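Structure first, commentary second.
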Amino acid sequence: MSAPSVAVEPREHYLNVDYGIRSWLLTTDHKRIGILYMISITVMFFIGGFFATLIRLNLMTPAGDLVSADTYNKLFTMHGIVMVFFFLIPSVPAVIGNFVLPMMVGARDMAFPKINLLSWYMYVIGAAITLYSIIVGGVDTGWTFYTPFSTTYSNTYVFSSIVGILFAGFSSIFTGLNFIATIHKLRAPGLTWRRMQLFLWSNYATAVIMILGTPVVAIALILVAVERVWHIGIFNPALGGDPVLFQHLFWFYSHPAVYVMVLPAMGVISELVTTFSRKRIFGYEFVAAASIAIAVFGFLVWGHHMFVAGISIYSALLFSIMSYLVAIPSAVKVFNWTATLYKGAISYRTPMLYAFGFIGLFTMGGLTGLFVAALGVDIHVTDTYFVVAHFHYIMVGGTVMAYLGAIHYWWPKMFGRMYPEGWAKLSAGIIFIGFNVTFFPQFLLGYLGMPRRYHAYASEFQVLNVMSTAGASILAVGYLLPLIYLIWSLRYGEIAPANPWGSTGLEWQTTSPPPTHNFEETPTVTEEAYSYDKHPEMEFVA
Amino acid sequence: MSHSTEAGAVTHPALQTPYRDLDQQRETATLGMFVFLLTELMMFGGLFCAYLVYRTLYFPSFLEASRHMDLTIGAVNTAVLICSSLTMALGVQAAQQGRGKTVVPYMVVTLLFGCAFLGLKAVEYYHHWHAHEVPGFGFEFTSSVPGVDVGKVQLFFVLYFIMTGLHALHMLIGIGLVTWITICASKGRYTRAYHNPVENVGLYWHFVDLVWIYLFPLLYLISRMHL
Amino acid sequence: MTEHVVPKKIYIAVWATLLLMTLVTTLVAFVDLGRFNTVVALAIATFKASLVVLFFMGAKYAPRLTRVAIICGIFFLALLLAFSMVDYLSRLWPA
């Protein structure tokens, strides 16, 4: 483990080794590919956020008269498609994972660097096709594309939207393929599975889900596209087809997909909690095993999205029980992070603030998941704002916070610059407040009966809706600030030392920014992860 | 191509970043191909799920529809693919044993079998089209067998065309891959030290054969009992 | 080189078995076994598939990781089929 070094920008590193657009667009360096992804998903995040803004503006009044009902349907559909497929799923894995994972295993690059680049191009093509679909008229089926509306009755750009999503799916599969191969085959000498940082365990589990789940939604959407184009298909009730079969195939992936969205975020939290409390993780094996358990159990619960769709009550009971089981490993992680904090030397830097935010908000989101997993409760709250609030607590309160925490934490590693701590803390605070003001009222709205995906609502719900919209405007400010100060810091930020956080992570044992080949010599790992107790000399230098 | 060993060692031109030696590269690439084939398994699996559901629900209609499949072409095609898998396996073996140039005739024969499969499939599709058995293109079906419903028979044919169509598309891609291997092999690219692409294309080819091994009985052999 | 090269005669034996089983499964379809027609057809197909995976694809001699990956794939596919069928088979059960 290296001692903290003086803050000098290294002479040659992956950013300045080559200049020009070709050196970026034809790169096979996993770090540059991570940056390319970062730019792309930031663009998509703000596009998805734009749709969210219009949704919340429309919902300020009960009559919902900002946009027509048809337009509103397109807004929530496109918000969902862009946020799910083009932001949440790639965010931590494709940006942070691509950048950091090879370094964490002590390798020079991913197992398949060209496939890594291909995965980014798949993403960009998918995003372009999706944006095309939006610009020429949009799609209004919901991101869930339920049949027979999507196959037969919708008059919008369903086919091209599906093609865009299929490209994003391929991007995801190639990313997962690289993660699995890299972790299995390219670990540095001495890096056993038990010594791996937990971010690696989480991303490994994520990759397994990407490999096994994505192809099923791909075929489900291909079947919808085929039925739409040739007017023949297997979901058409007139022929004896079952629309619910589409839902089985769709949710077989889309439920595990939410674990694709949250597992890497949990991996980030494990890194942040240990670094910023200078402590080993409590119960390493349990946290690692919990990642695998979440991936496996996550495949057993998809029917809980279909409780009121017409599946058999016995099948619903099975899925409900499974849904309770899948909460257990997530709870284990929350307990273990909390126990790690106990008697730790806690530092309240921005990444840690985001970690705290995640732990609290993810717990709330997860607990409300138990409410909807109960059949009796779900009958009442399904398709209401209760569900909307539940998943936004996890996706936004959880994943987005973890993503922002990760960006701040690894920013010095990526760019050799520190972000401005004051502004960063302020933004984190604004985001936390804005988030809760936006989404907590939605639990109440849902419980009181306001349906989701409705452009208008009963007037007694207006106060809570206005509060939610006000929260959304605060949240928007919170998200815009990092965009500004992070870009500012690239030029004017304080130059970062190699390891500003004094972290024991393998990625921090090389310069910041790293050279293209990551390490001057392949490292040899001799200790378990997070061995802060053995290295009191490691400390913050930022 | 950059090399990843410490300075001074002689490296094989096919060695890529980030590998320390060809063995590690080969093992990783083979693992990668198996993981990729898992995605293919799940994709076809979704179609098999749909097939399983509807066959269970609508057995009489599926049974009747299956009788309209061309058993001769189906059985011959199955044999063709099995032969192509043999020649592919023998070609891979030649590469493994350092007989790089012998790979070429094995690959060419594999290609011929593959093209024969697609040719027979095209003939079969044409027959179906002629008999108005292609959904969406003037589908007509009459049957006096009790329990048989035209809509459900059409479901069978939709699944038949999509499943065999997706399979045929994979065959086409396989033919492209085998052609690429043939060209590289004819240039002497494959040696005992480096021949992993041949192995991995072989894995892909065998997988596509595997899918057909299940498609054949499920689509063609529900029952051929003489009534 | 650590890879295992399979003797040619094993490939030929596998090939011959596959062709034979194709013939068998085709002929069995002409016999009335009731519900067992499906069982036999799938059993034969699975046997053929196993030969292809184990020998042609080399899984028999492959490292354990490869075999684990294959088992995982089969397991999760089985899950998709099984849990979907639980729904369809139990829809008409008395509530």
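The values are calculated or read from the model by the stated rules, or taken from the named source; none is laboratory data. This is a predicted model, so every value here is computed, not measured. All Cβ positions, even for glycine, are placed from backbone atoms using ideal geometry, and neighbour counts span all protein chains on display. These accessible areas exclude ligands, DNA and RNA; they are computed on the full protein's heavy atoms, side chains included. Shrake-Rupley method; radii C 1.70, N 1.55, O 1.52, S 1.80 Å.
Results, tabulated for the structure shown:
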{"read-out": "Out of C:MET57, C:MET21, sole residue that is among the aliphatic types (A, V, I, L, M) and more than 30 Å from B:THR191 (Cβ to Cβ)", "value": "C:MET21"}
{"read-out": "Flag for C:ALA78 being without any contact (Cβ under 8 Å) to a residue 12 or more places away in the chain, facing chain B (nearest Cβ under 7 Å), closer than 25 Å to A:ALA295 by Cβ and among the hydrophobic types (A, V, I, L, M, F, W, C)", "value": "no"}
{"read-out": "Out of A:ALA188, A:ALA181, sole residue that is surrounded by fewer than 22 Cβ atoms within 10 Å (Cβ to Cβ), more than 21 Å from the chain's Cα centre (by Cα) and within 13 Å of chain B (Cβ to nearest Cβ)", "value": "A:ALA188"}
{"read-out": "The one condition in (1) open to solvent by less than 10 Å² (accessible area, probe 1.4 Å); (2) within 14 Å of chain B (Cβ to nearest Cβ); (3) at pLDDT 95 or above that A:TYR204 fails to fulfil", "value": "(1)"}
{"read-out": "Qualifying positions in the range A:436-466 - surrounded by 21 or more Cβ atoms within 10 Å (Cβ to Cβ) and either part of a loop (DSSP other than H, G, I, E, B) or in contact with a Ser or Thr (Cβ under 8 Å, 6 or more places away or on another chain) (or both)", "value": "A:THR438, A:PHE439, A:PRO441, A:GLN442, A:PHE443, A:LEU445, A:GLY446, A:MET450"}
{"read-out": "Where B:HIS68 falls short, out of the listed (1) open to solvent by 40 Å² or more (accessible area, probe 1.4 Å); (2) in contact (Cβ under 8 Å) with a residue 40 or more places away in the chain; (3) in a helix (DSSP H, G or I)", "value": "(3)"}
{"read-out": "Conditions (1) open to solvent by 10 Å² or more (accessible area, probe 1.4 Å); (2) within 18 Å of A:TYR479 (Cα to Cα); number of the one not met by A:MET352", "value": "(1)"}
{"read-out": "Test for A:ALA309: is it out of contact with any His (no Cβ under 8 Å at 6 or more places or on another chain), of a type outside the set (D, E, K, R) and outside any helix (DSSP H, G or I)", "value": "yes"}
{"read-out": "Answer from B:TYR194, B:TYR220, B:TYR190 - the residue that is within 12 Å of another protein chain (Cβ to nearest Cβ) and farther than 27 Å from B:GLY136 by Cβ", "value": "B:TYR194"}
{"read-out": "Within the range A:99-123, tally of residues that are within 28 Å of A:SER161 (Cβ to Cβ), more than 14 Å from chain B (Cβ to nearest Cβ) and buried (at least 23 other Cβ atoms within 10 Å of the Cβ)", "value": "2"}
{"read-out": "Residue within the range C:56-65 that is under 13 Å from the mean Cα position of the chain (by Cα) and within 14 Å of chain A (Cβ to nearest Cβ) present", "value": "no"}
{"read-out": "Single condition A:SER160 does not satisfy, out of (1) of a type outside the set (A, V, I, L, M, F, W, C); (2) without any contact (Cβ under 8 Å) to a residue 60 or more places away in the chain; (3) more than 20 Å from A:PHE51 (Cβ to Cβ)", "value": "(3)"}
{"read-out": "Scope the range A:223-254; condition under 18 Å from B:PHE161 (Cβ atoms), not in a helix (DSSP H, G or I) and not small (Gly, Ala, Ser); matching residues", "value": "A:HIS231, A:ILE232, A:ILE234, A:PHE235, A:ASN236"}
{"read-out": "The lone exception for B:MET42 - which of (1) more than 21 Å from the chain's Cα centre (by Cα); (2) of a type outside the set (Lys, Arg); (3) surrounded by 21 or more Cβ atoms within 10 Å (Cβ to Cβ); (4) at the interface with chain A (Cβ under 8 Å from one of its Cβ atoms) it fails", "value": "(1)"}
{"read-out": "Unmet criterion (only one of (1) within 14 Å of chain C (Cβ to nearest Cβ); (2) hydroxyl-bearing (Ser, Thr, Tyr); (3) touching a residue at least 24 places away in the same chain (Cβ under 8 Å); (4) surrounded by fewer than 22 Cβ atoms within 10 Å (Cβ to Cβ)) for A:THR363", "value": "(1)"}
{"read-out": "Residue tally, condition more than 10 Å from chain C (Cβ to nearest Cβ) and in contact with a Ser or Thr (Cβ under 7 Å, 6 or more places away or on another chain), over the range B:64-93", "value": "3"}
{"read-out": "Sole exception among (1) of a type in the set (D, E, K, R); (2) within 19 Å of B:PHE216 (Cβ to Cβ); (3) modelled with pLDDT under 95 for B:GLU124, by number", "value": "(3)"}
{"read-out": "Residues located in the range A:301-337, provided they are closer than 22 Å to A:PRO215 by Cβ, in contact (Cβ under 8 Å) with a residue 24 or more places away in the chain and open to solvent by less than 20 Å² (accessible area, probe 1.4 Å)", "value": "A:VAL301, A:TRP302, A:GLY303, A:MET306, A:VAL326"}
{"read-out": "In the range A:499-510, the residues that are over 24 Å from the mean Cα position of the chain (by Cα) and open to solvent by 20 Å² or more (accessible area, probe 1.4 Å)", "value": "A:GLN509"}
{"read-out": "Test: A:HIS79 is under 16 Å from the mean Cα position of the chain (by Cα) and either open to solvent by 30 Å² or more (accessible area, probe 1.4 Å) or farther than 23 Å from A:ALA257 by Cβ (or both)", "value": "yes"}
{"read-out": "Which numbered condition A:PRO513 misses (of (1) outside any helix (DSSP H, G or I); (2) touching a Ser or Thr at 6+ places or on another chain (Cβ under 6 Å))", "value": "(2)"}
{"read-out": "Odd one out for B:THR164 among (1) of a type in the set (S, T, N, Q); (2) within 21 Å of B:PHE36 (Cα to Cα); (3) away from chain A (no Cβ under 14 Å); (4) without any contact (Cβ under 8 Å) to a residue 60 or more places away in the chain", "value": "(3)"}
{"read-out": "Qualifying residue in the range C:86-95 (condition: more than 14 Å from chain A (Cβ to nearest Cβ) and either over 30 Å from A:PHE319 (Cα atoms) or touching a Ser or Thr at 6+ places or on another chain (Cβ under 8 Å) (or both))", "value": "no"}
{"read-out": "Some residue of the range A:81-94 being within 14 Å of chain B (Cβ to nearest Cβ), out of contact with any strand residue (DSSP E or B) (no Cβ under 6 Å at 6 or more places or on another chain) and modelled with pLDDT of 95 or more", "value": "no"}
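Every residue, every condition in (1) loosely packed, with under 13 Cβ neighbours inside 10 Å; (2) within 25 Å of the chain's Cα centre (by Cα); (3) of a type in the set (Asp, Glu), yes or no:
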| residue | (1), (2), (3) |
| --- | --- |
| B:VAL123 | yes, yes, no |
| B:VAL134 | no, yes, no |
| B:SER143 | no, no, no |
| B:PHE156 | no, yes, no |
| B:PHE161 | no, yes, no |
| B:THR164 | no, yes, no |
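Yes/no per residue for (1) assigned to a loop (DSSP other than H, G, I, E, B); (2) open to solvent by less than 30 Å² (accessible area, probe 1.4 Å):
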site	(1), (2)
B:VAL80	no, yes
B:LEU86	no, yes
B:GLY91	no, yes
B:GLY98	yes, no
B:LYS101	no, no
B:TYR106	no, no
B:PHE113	no, no
B:LEU120	no, no
B:HIS128	no, yes
